[in-house]
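Report on one structure; see the data block that follows.
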Amino acid sequence: MYLGRSGFETLLRIRRLVLDRVSFPNIEFITGTVTDVRPDLTNPSRLNKVVVRTAAGVNEFESVLVADCTGPMRAGIKWLERSGYGYSSAYPGGKLPLDQLKISFDQKLCYCSIMFRITPEFHDRLPLPADMKNTGPIYTFLDEEVEQGRTLFALTRPDGNQFLVFTGHHGTVRSPPQNLAELKEYVRGLRAVEPIPDWVFEVLDMLEEVEKTAVVAIVKIPPTSYVRYHRGTNLPSNWVALGDSTMTLNPLFSEGCTKAFKEHQIIINGLRCAHDGAATRRKSVFWKIFALVYHATPASGYQSVGLASPIDAFNPNLVLKIFWRALLGGI
């Protein structure tokens, strides 16, 4: 499924995939802000209530499962800390206190995106190759100038009447373009093993006709971060953190909704095993599975921008593993 955020939200709301009260009579939506959580006084290993501020005032709702979906704000950490979770008198091997779970890395990333509104007639006039006329991702280019900060340039069509021109890089040597004219010069200066096709520049020239519709976004991306909840201790057994509240990634790769679907699938599988062992054990297994997803996400991101570690027949680690397995009695 290839579409922009607005199209995806329309799919969810207008098509009523989750808002259909007939199909899902047990789902009720409340407009408000969760401000805190309450531990279960009879069983401190789980949460009992969430505190919600609405237009009518502050209310407390009993909760069987609490999910932190507050994104990069990560309000859930503050809620847990106020309630005394995440700390212990002793930490087993590999476990950490709550305030040491977060790690971050500043890749010094910035990007420029220019979104154009186009008509079907204008789209038909664009000099796109025939096999790219009706696709979402049209053209992607990764330059070879590592010293100045590797650049990604892309042309995409997120939704029917939208056309996106995107460029981003890491490092501080280059400055992002401020408008379409600067972007064209920026792209012409990219270093390529195979030259960028002429039709790409023809498309950029034609977009001048609709430049009045352009929405320019120039963004300096904050450091990416990861809260390693699988290394936490004394966490509530009925509490989870989803999406950016656990990991914020490089928006050039943008896991987005795909990552959210993976996380919800883990939750569904966990709920199906609700009677399998003690709650604390199930919670430990749950966070370990989440850790696998979050390790795979940046790895695939590095691969997509050409930064992944090499895996080939002469990789020293791979050779050593083969010899070791052979000594143990076969591969």
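Observations on the model:
- Selection of strands (runs of 3 or more DSSP E) fully inside the stretch 85-151 by the criterion of at least 2 residues being charged (D, E, K, R) returns nothing.
- Set 167, 172, 151: member being among the β-branched types (Val, Ile, Thr) and touching a residue at least 60 places away in the same chain (Cβ under 8 Å): 172
- Odd one out for residue 192 among (1) farther than 15 Å from residue 132 by Cβ; (2) surrounded by 15 or more Cβ atoms within 10 Å (Cβ to Cβ); (3) of a type outside the set (D, E, K, R): (2)
- Residue 164 being in contact with a Lys or Arg (Cβ under 8 Å, 6 or more places away or on another chain) and either assigned to a loop (DSSP other than H, G, I, E, B) or at pLDDT 90 or above (or both): yes
- Answer from 171, 160, 149, 189 - the residue that is farther than 16 Å from residue 112 by Cβ and over 20 Å from the mean Cα position of the chain (by Cα): 160
- Of everything listed in (1) under 23 Å from the mean Cα position of the chain (by Cα); (2) under 30 Å from residue 162 (Cα atoms); (3) modelled with pLDDT of 90 or more, the single unmet condition for residue 111 is (3).
- Consider the stretch 13-41 and keep the residues that are within 24 Å of residue 78 (Cβ to Cβ) and of a type in the set (S, T, N, Q). The one that is modelled with the lowest pLDDT is 31.
The values are calculated or read from the model by the stated rules, or taken from the named source; none is laboratory data. Small disclaimer: the values here were computed from a predicted structure and weren't measured. With ideal geometry, Cβ positions are generated from the backbone for all residues, glycine too; neighbour counts draw on all protein chains shown.
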